[in-house]
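Scroll down for the structure; my scribbles are underneath it.
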Amino acid sequence: MTAKAGNFAPVTKKGAAYGLGIGPGEADLITLKAYKILQEADVIAYPALEDGASLARQIVAPHMPEGRTEIAIRIPMGPPADSIYDAAALEIGEHLRAGRTVAVLCEGDPFFYGSFMYLFGRLAEAGFPVQSIPGVSSMMACAAQLGAPLAAKNDVLQVIPGPLPADRLKSQLADTDAAAIIKLGRHFAKVRQVIDELGLTDRARYIERATLDSQKMVPLGELPTDATAPYFSMILIHRRGDAWK
Ligand SMILES: C[S@@+](CC[C@H](N)C(=O)[O-])C[C@H]1O[C@@H](n2cnc3c(N)ncnc32)[C@H](O)[C@@H]1O
């Protein structure tokens, strides 16, 4: 992107927080609106692993403005840790009260299973102006990379989290037209078995780290049944095979 922040009329309000959808991985997949807000933000917060590594920070690295206050919100693996979001909301709230603009980086779209929603709830409840800026979600990016439209005509598309128990996965998938199974990670083998049992393996495509340099994609049937998958991976299924037929 060649535009500089100064070429735009300001889009942010002082003392407001924005959850920025920054897209699924490739730096160019950030929206123009998110880019503008990023340039204007006084404070930039992002989720990070306990060791400090942050995919969100990595995605926006080419666009990162200099000299801003950064807040790494270190989130342990597992269910959302209330105390961490409480503390982050307090810290962000202090900046907002001082009239600073805060951007919170969110991989994909903030309101599509994004952890920003936990901050959104807390900040809104405390009376701060806070807004989600939609981004290119991983589901859209995975379909595009696979060259496989998600759904067409009257197809019902389901988004199914991999951590669900096998019987729930099976009942959800039993008569689905199309599905995106997210949050695979250590649940891959269980999900794969359910798909095999339903005879959907030939209709399923696997992709990990879509749009990043480390992206990998393959028809599901070509992976060993006991393969492991990273957290940033997804299976797309279309019962009819090709949505456009
Ligand atoms: C907590 S959800 C967040 C989704 C995100 N807010 C979005 O809009 O894409 C995380 C899940 O999204 C999927 N995901 C996110 N980025 C991905 C990518 N680049 N490639 C494949 N799957 C991805 C994975 O299934 C991962 O477990």
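Things worth noting here:
- All strands (runs of 3 or more DSSP E) inside region 1-79 with 1 or more residues being open to solvent by 30 Å² or more (accessible area, probe 1.4 Å) and in the same structural domain as residue 99 (by TED's automatic domain parsing): 43-48, 69-74
- In region 111-137, the qualifying residues are those that are over 18 Å from residue 25 (Cα atoms) and under 17 Å from the mean Cα position of the chain (by Cα), and the one that is farthest from the ligand (Cβ to nearest atom) is 131.
- Residue selection: residue 158 fails the criterion of being open to solvent by 50 Å² or more (accessible area, probe 1.4 Å), touching a residue at least 12 places away in the same chain (Cβ under 8 Å) and outside the structural domain of residue 25 (by TED's automatic domain parsing).
Yes/no per residue for (1) more than 10 Å from the ligand (Cβ to nearest atom); (2) modelled with pLDDT under 95; (3) open to solvent by less than 80 Å² (accessible area, probe 1.4 Å); (4) within 30 Å of residue 30 (Cβ to Cβ):
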site: 198; (1), (2), (3), (4): yes, no, yes, no
site: 203; (1), (2), (3), (4): yes, no, no, no
site: 208; (1), (2), (3), (4): no, no, yes, yes
site: 216; (1), (2), (3), (4): no, no, no, yes
site: 226; (1), (2), (3), (4): yes, yes, no, no
site: 231; (1), (2), (3), (4): no, yes, no, yes
site: 235; (1), (2), (3), (4): no, no, yes, yes
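- Just so you know, in region 167-196 the residues that are away from the ligand (no atom under 16 Å from the Cβ), part of a loop (DSSP other than H, G, I, E, B) and not aliphatic (A, V, I, L, M) include one that is most open to solvent (accessible area, probe 1.4 Å), and it is 175.
- Selection of first residues in region 202-218 that are closer than 15 Å to residue 139 by Cβ and of second residues that are within 10 Å of the ligand (Cβ to nearest atom) and among the β-branched types (Val, Ile, Thr), restricted to Cβ pairs under 6 Å at least 6 apart or on distinct chains, gives the following pairs, ordered by first then second residue: 204/235; 206/235; 217/207.
- Test result for residue 104, over 20 Å from residue 33 (Cβ atoms), within 13 Å of the ligand (Cβ to nearest atom) and touching a strand residue (DSSP E or B) at 6+ places or on another chain (Cβ under 8 Å): no
- Only one of the numbered conditions (1) among the hydroxyl-bearing types (Ser, Thr, Tyr); (2) touching a helix residue (DSSP H, G or I) at 6+ places or on another chain (Cβ under 6 Å); (3) assigned to a loop (DSSP other than H, G, I, E, B) is violated by residue 118, and that is (3).
- All conditions but one from (1) open to solvent by 50 Å² or more (accessible area, probe 1.4 Å); (2) of a type in the set (A, V, I, L, M); (3) more than 11 Å from the ligand (Cβ to nearest atom) apply to residue 140; the one that does not is (3).
- Residue within region 72-87 that is touching a Cys at 6+ places or on another chain (Cβ under 8 Å) and closer than 21 Å to residue 209 by Cα present: no
The values are calculated or read from the model by the stated rules, or taken from the named source; none is laboratory data. What you see is a predicted model, and the numbers here were worked out from it, not measured in a lab. FYI the Cβ positions are ideal-geometry reconstructions off the backbone, even for glycines, and counts take in every protein chain you see. The protein model used for the area step is the full one, side chains on, heavy atoms only, and it has no ligands, DNA or RNA in it. Shrake-Rupley method; radii C 1.70, N 1.55, O 1.52, S 1.80 Å.
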